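All of the numbers you see were taken from the coordinates with simple rules; none came from a lab. Remember, predicted model here, so these are calculated numbers, not experimental data. Neighbour counts run over all protein chains shown; Cβ positions are idealised from the backbone, glycine included.
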Amino acid sequence: MTSNSPISQYVSRFKAEKGKILSFLSAFPFYGEVLKNHQYYETDRMARNELSKKLDSLKEPVRRIEENFVRERRMDLIGSTEVLLSIIERLKNEIIGASYGLNGLGTGFKATESELEALAEWDYSLIHHAEELSTKVKSPNFPPEVSVDTVRSWVSSFRSELDEFDSALKSRKDVFLKR
């Protein structure tokens, strides 16, 4: 793991948060072995929290789009973004849930350090993807006279982006299971 990789930055952040007590305990042989990969589990927890926050932040711009439709009394467009909100909420719940993290995925497996690094890299790529989604959800500035087809096209496009994100979440298990 290179010193400037995103994963080493997360691990360093974890070490800084845990402080001197963890460093002291890891010096003892028994505790050192127990805590050996603990930094990756905590890094996983931090990455999941950050990822869920980034996905949660996608909901507000979508709500604002919907509010504009209501304010402009565009009955033909009201409710067109509801599907996006439900997908975002489902994705967020998957990430927060134990089945996504190392606790759910790693139960019964003894992960190697390289596998844990690969998972951490995967999670970092998902965080980067969530940032791209954030940029895309903030980009549409629908004028009051926007056509229904334009809105439906944008919703469909953004939904396909969310589906790609969902596929990336599901294929994360393949990294761990060596498929």
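Centre-to-centre, using Cα atoms only, the range 129-179 and the range 35-95 are separated by 11 Å. Taking 30 Å as R0, compute the FRET efficiency from the Cβ-Cβ separation of D163 and S57 and round it to 0.05. After rounding to 0.05, the efficiency reads 0.95.
Need the full-extension length gain, S86 to E132, defined as separation in residues times 0.36 nm minus the C-alpha distance. One decimal, nm. Result: 14.7 nm gained on full extension. Partners of K54 within straight-line reach, counting aspartates and glutamates whose Cα lies under 12 Å from its Cα and excluding those fewer than 8 residues away in the same chain: E89, E131, E132. Would you kindly state how much longer the chain becomes between N93 and F142 on full extension, computed as 0.36 nm times their sequence separation minus their alpha carbon distance, in nm to one decimal? Between N93 and F142, full extension yields 14.7 nm more.
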